[in-house]
Structures are given as structure tokens and as C-alpha cells.
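Written below as C-alpha cells is the structure these notes are about.
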Amino acid sequence: MSTTSGASAGSRRTAARAAGSPGALLLTPGAGANRDHHTLVAVEHAVAPLPCSRIDFPYRLAGRRGPDRAPVAVAHVAAQAADLLSHAAIDADRLVLGGRSYGGRMCSMAVAEGLPAAGLILLSYPLHPPGQPEKLRVEHFPGITVPVLFVSGAKDPFGSPDEFAVQVAAIPGAVTQVWLTGGHDPRNADGAIGTAVVDWLATL
């Protein structure tokens, strides 16, 4: 596991629970998975007892296979964020949003469009479709002003370390990148992903 960061490393779980630290975490799945994806479950366990909500998108709730278009998904993220804020009884600037692949991308678009958040956790972010590096999914990056954690496999066909190094420079918020061995769904990496998330939360 390798790490590059725009923010200094902090202490672990104890610091993450201090006053003013993140108060809840909203996690979203990739397009081909649901809220019970093993990595999302592992992250929820890693950050406990931090309140964490793993959600599904409308298409999954309706039993459809094709993912929702961005406006529908982004609106759903905003609605679910509001629900979690209410249940956790915290201010919007203490909520961290994120998820895997498509889900993380939708959360990042929601934040770029103005949804308040303490930060973004983007696991296996789909920088571009496999084999189509010209079709970048980064138009909203300049609107992301909160800290961002990217955790990806170094051989992910959706974006290489070199490609990320170029594109994340457009994000005004502090960017931390963690690279794991493997591809889009790194094998046996849930422990490392959970540790990366906990360590990063402690820096907020």
C-alpha cells in the first residue's frame, strides 16, 4: 500500500471521534453492486462506533439493472444525507460522503454542486471507462473544495496512478491518495481500505 497526501497524517480512531470531527458517514455502492458490498460493510465496521449509513440507489431499490442518471442519483444522495443528518443529530459540515466507483462519483458530484460535507471518500473512483482514457469523468473536480480520500488499485482499468496524478490537481480541496495492489475491486484489501479510511478521518 502506498500513500500520497495533500494533508499531514493524523492519529487514528481516538482523534477521529474528537469534538468537531466527522459525525457520520454515508456510503454508496458501485453500479453493479448494492449496499451490502463487502468493502462498504468492512468500512462501516472499521469506523464504528461512528454512525454509518450504507444506501442503495433508486434503480437498485426498484429492481432495475441500469444505474440512474446523474441528476436522479445526486438528488437521492442529497435526500439520504439529510435523513442521516437528522438521525445522527449533527450539522451538515460533519457528514462525510462517499462510496465505491459509481457511488463515489455521484457523491462527489453532489458535493461539487453544493451539498455540504466534511469530506469525500472515493473508493475505486472511475476516472474514465476502461480502455477509453479520453472520456474523463472529472468536469466537476474544480467544484470539490472539501478534503478527498481516493483509494484505488494500482492496476484499475478505470484510472492509473499517473492519470490520477494529473487529474486530481484540479480539486481545490486537500487530496489524499492511497494505492493498493490489484484492480477495480482489489482482492483481500478490505482491511487496508478500512485502515486508510480511519486514518484519513482522523485528519479532518
Seminar exercise, completed: In the stretch 82-133, residues that are closer than 23 Å to Trp179 by Cβ and of a type outside the set (A, V, I, L, M, F, W, C) total 19
Problem set entry | Pair list, Cβ under 6 Å, 6 or more apart: the stretch 127-141 residue part of a loop (DSSP other than H, G, I, E, B), other residue loosely packed, with under 13 Cβ neighbours inside 10 Å and modelled with pLDDT of 95 or more | His128/Lys135; Pro129/Lys135
Problem set entry | Unique match (being modelled with pLDDT under 95 and either assigned to a loop (DSSP other than H, G, I, E, B) or under 14 Å from Gly119 (Cβ atoms) (or both)) among Gly32, Gly99 | Gly32
Exercise. Name the pairs whose Cβ atoms lie under 8 Å apart, with the first residue in the stretch 167-180 and under 14 Å from Ile121 (Cα atoms), the second part of a strand (DSSP E or B) and among the aromatic types (Phe, Trp, Tyr), and 6 or more positions between them or separate chains?
Worked result: Val168/Phe150; Val175/Phe150; Thr176/Phe150; Gln177/Phe150; Val178/Phe150
Exercise. Between a first residue in the stretch 72-101 that is farther than 16 Å from Val146 by Cβ and a second residue that is in a helix (DSSP H, G or I) and among the charged types (D, E, K, R), which pairs have beta carbons less than 9 Å apart while being 6 or more apart in sequence or on different chains?
Worked result: Ala73/Arg105; Ala88/Arg94
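The values are calculated or read from the model by the stated rules, or taken from the named source; none is laboratory data. Values in this document were obtained by computation on a predicted structure and should not be read as measured data. Don't worry about glycine lacking a Cβ; one is built from the backbone with ideal geometry, like all the others, and counts go over all protein chains shown.
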